[in-house]
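Read through the structure below, which is laid out as structure tokens, and then see the notes.
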Amino acid sequence: MAWIAPEIDRIETLSVADERPMLQSWLDYHRQTLLLKCAGLDPAQLAQRCVAPSTMSLHGLIRHLTENERGWFRVTAAGESLDYLYCSESNPDGDFDDVPDADPATDLTTYQRETALADAALAALPLDHRCHHPITGTEYTLRWVYLHMIEEYARHNGHADFLRERIDGRTGQ
């Protein structure tokens with residue numbers, strides 16, 4: 001039997017909470033929304049691209065947001081010295097461009113591992129923690145990084161809505 005992206009029960013966001021749990025709630029909601037958009041699809045469906053010349057696909061979005069989790073949370077905020085998983089100087093769009101040769105089951109597992117590692121890397125850091133982007137040197141707070149990642153997911157989940165609708169007509173959620 002062919003691999004199919006697993007179904008997911010998405011959490012509800014907190015409506016009343018302190019700042020950190022509220023930010024984490026929205027981040028987790030958007031992480032799960034991305035997985036919800038992939039649920040029930042096979043590798044060929046996940047690899048379907050939107051409209052030429054774009055190379056965006058649901059599979060590519062999983063890889064792209066894996067890179068963002070690693071880059072913003074682990075490398076920038078937590079200061080870990082890590083290479084990117086799919087992109088490089090010579091292949092800056094490998095997250096999207098290399099999907100035809102990639103295994104979505106492996107990439108989904110990598111995504112889930114990265115989100116768990118990102119959460120663990122940030123657990124002891126306060127929201128006022130200051131960090132610097134490793135390339136630009138721009139200073140950020142962890143609070144800003146959380147907000148940026150929530151925005152990143154929200155924007156790409158909009159793309160995921162269109163991609164999913166194009167694949168099988170499913171909309172909403």
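Descriptive notes on the structure:
- Pick from segment 71-93, criterion closer than 25 Å to residue 50 by Cα and in contact (Cβ under 8 Å) with a residue 24 or more places away in the chain, ranking: nearest to the chain's Cα centre (by Cα): 85
- Residue 50 meets the conditions (1) open to solvent by less than 30 Å² (accessible area, probe 1.4 Å); (2) assigned to a loop (DSSP other than H, G, I, E, B) in every case but one. The failed one is (1).
- Scope segment 94-140; condition under 22 Å from residue 41 (Cα atoms), in contact (Cβ under 8 Å) with a residue 12 or more places away in the chain and among the acidic types (Asp, Glu); matching residues: 95, 97, 98, 103, 107, 114
- Criterion: assigned to a loop (DSSP other than H, G, I, E, B), touching a Lys or Arg at 6+ places or on another chain (Cβ under 9 Å) and farther than 23 Å from residue 13 by Cα - qualifying residue of 82, 163, 127: 82
- Criterion (modelled with pLDDT under 95, small (Gly, Ala, Ser) and not in a helix (DSSP H, G or I)) met by exactly one of 172, 137: 172
- Within segment 143-167, restricting attention to residues that are open to solvent by 70 Å² or more (accessible area, probe 1.4 Å) and among the basic types (Lys, Arg), the residue that is nearest to residue 24 (Cα to Cα) is 155.
- Meets criteria (open to solvent by less than 40 Å² (accessible area, probe 1.4 Å) and touching an Asp or Glu at 6+ places or on another chain (Cβ under 7 Å)) for residue 5: no
- Evaluating residue 19 against the criteria (1) surrounded by 18 or more Cβ atoms within 10 Å (Cβ to Cβ); (2) among the charged types (D, E, K, R); (3) out of contact with any helix residue (DSSP H, G or I) (no Cβ under 7 Å at 6 or more places or on another chain) leaves one unmet condition, (1).
- Contact map, segment 51-63: first residue farther than 19 Å from residue 168 by Cα, second residue open to solvent by 10 Å² or more (accessible area, probe 1.4 Å) and part of a loop (DSSP other than H, G, I, E, B), Cβ cut-off under 9 Å, separation 6 or more or different chains; pairs are 63/85; 63/86; 63/87; 63/98; 63/102.
- If the condition is being over 18 Å from the mean Cα position of the chain (by Cα) and not polar (S, T, N, Q), then segment 13-42 contributes 14, 16, 17, 18, 19, 20, 21, 22, 40, 42.
- In segment 24-43, the residues that are at positive phi form Cβ pairs under 8 Å with partners that are surrounded by 18 or more Cβ atoms within 10 Å (Cβ to Cβ) and aliphatic (A, V, I, L, M), at six or more places apart or across chains, as follows: 40/5.
- When segment 53-98 is filtered for residues that are open to solvent by less than 50 Å² (accessible area, probe 1.4 Å) and modelled with pLDDT under 95, the ones remaining, listed by number, are 54, 55.
The values are calculated or read from the model by the stated rules, or taken from the named source; none is laboratory data. In this text the structure is predicted, and so the values were computed from the model without any measurement. Cβ sites come from the backbone with ideal geometry, for glycine too, and all protein chains shown count toward neighbours. Accessible surface areas use protein heavy atoms only, side chains included; no ligands, DNA or RNA. Shrake-Rupley method; radii C 1.70, N 1.55, O 1.52, S 1.80 Å.
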